[in-house]
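Asker: Please see the structure below; I have some questions.
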Amino acid sequence: FVNQAYAQIFGYETPEAISRLETLESLIAPSELDRLRRYRHDRLAGKEVLTHYEYQGVRQDGSLVWLDMQVRVVSWQGVPAVQSTVFDISERKQAEEAMQQSEERLRHLVNLSHY
């Protein structure tokens, strides 16, 4: 099940549009698939797995979105299931990248000033 906010993060108009996808894995960046599959498998097997992490998703238009995910195992109709809370952190990641680039430029200028 997904809600309207989740659908909007991925560029879909309604939660029903997402539920019509063949698999939710199409919303995960290919570079992240193995890691997230492993987390899900281990979590449902009862192993210790991170419950809070970041990853990149894929919007309906193919663009990438940075996400912060919090997960837990719940019982759904007597079967273990994964409940997730997802936040779009793309703006924060862009700001972090801009700050890192600025710091690198500043370091470069400082190094040049020593000559």
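The values are calculated or read from the model by the stated rules, or taken from the named source; none is laboratory data. Everything numeric in this text was worked out from a predicted model, so none of it was measured. Note: ideal-geometry Cβ built from the backbone for every residue, glycine included; neighbour counts use all protein chains shown. Just the protein is used for accessible areas: all its heavy atoms, side chains included, with ligands, DNA and RNA removed. Shrake-Rupley method; radii C 1.70, N 1.55, O 1.52, S 1.80 Å.
Asker: Please list 3J(HN,Hα) in residue order for the range 5-20, calculated via the Karplus relation 6.51 cos²θ - 1.76 cosθ + 1.60 where θ = phi - 60°; whole Hz, with x for glycine and proline.
Answerer: Running phi through 6.51 cos²θ - 1.76 cosθ + 1.60 with θ = phi - 60° gives 4, 4, 4, 5, 3, 9, x, 9, 6, 9, x, 4, 4, 6, 5, 7 Hz.
Asker: Using mean Cβ contacts within 10 Å as the protection proxy, how do 91-97, 56-62 order, highest first?
Answerer: Top of the packing list down: 56-62, 91-97.
Asker: Moving on. Whose amide H sits under 5 Å from the amide H of residue 11, counting only residues 5 or more places off or on another chain, with H placed in the peptide plane?
Answerer: Long-range HN contacts for residue 11: 60.
Asker: Could you let me know the centre-to-centre spacing of the range 52-115 and the range 26-40, using Cα atoms, in angstrom?
Answerer: For the range 52-115 versus the range 26-40, the Cα centre distance is 14 Å.
Asker: Along the charge dipole of the range 8-62, which of 14, 58, 44 sits closest to the positive end, that is, farthest toward it, with unit charges on the beta carbon of Lys, Arg, Asp and Glu (+1, +1, -1, -1)?
Answerer: Most positive-ward Cα: 44.
Asker: In addition: Select from 5, 109, 83 the residue farthest towards the positive end of the dipole of the chain; place +1 on Cβ of Lys and Arg, -1 on Cβ of Asp and Glu, and compute about the Cα centre.
Answerer: 83
Asker: Considering the convex hull of the alpha carbon atoms of the chain, report its projected area averaged over all viewing directions, in nm², one decimal.
Answerer: Averaged projected hull area, Cα only: 9.7 nm².
Asker: Can you work out ³J(HN,Hα) from phi for every residue in the range 61-66, in order, using Karplus 6.51 cos²θ - 1.76 cosθ + 1.60 and θ = phi - 60°, giving whole Hz and x for Gly and Pro?
Answerer: Calculated HN-Hα couplings, in order: 7, x, 6, 8, 9, 7 Hz.
Asker: Spelling out what I want: for every residue of the range 23-36, take phi, set θ = phi - 60°, compute 6.51 cos²θ - 1.76 cosθ + 1.60 (Karplus), and round to whole Hz; glycine and proline get x.
Answerer: Listing the rounded values in order: 8, 6, 4, 5, 8, 10, 4, x, 5, 9, 4, 4, 4, 5 Hz.
Asker: How much of the accessible area of the chain, in percent, comes from carbon and sulfur atoms when a 1.4 Å probe is used?
Answerer: Carbon and sulfur atoms account for 52 percent of the accessible area of the chain.
Asker: Here's something else I'd like to know. Quote to one decimal, in nm, the extra length available between residue 14 and residue 92 on full extension: 0.36 nm per residue of separation minus the C-alpha distance between them.
Answerer: Once the chain is fully extended between residue 14 and residue 92, it gains 25.6 nm.
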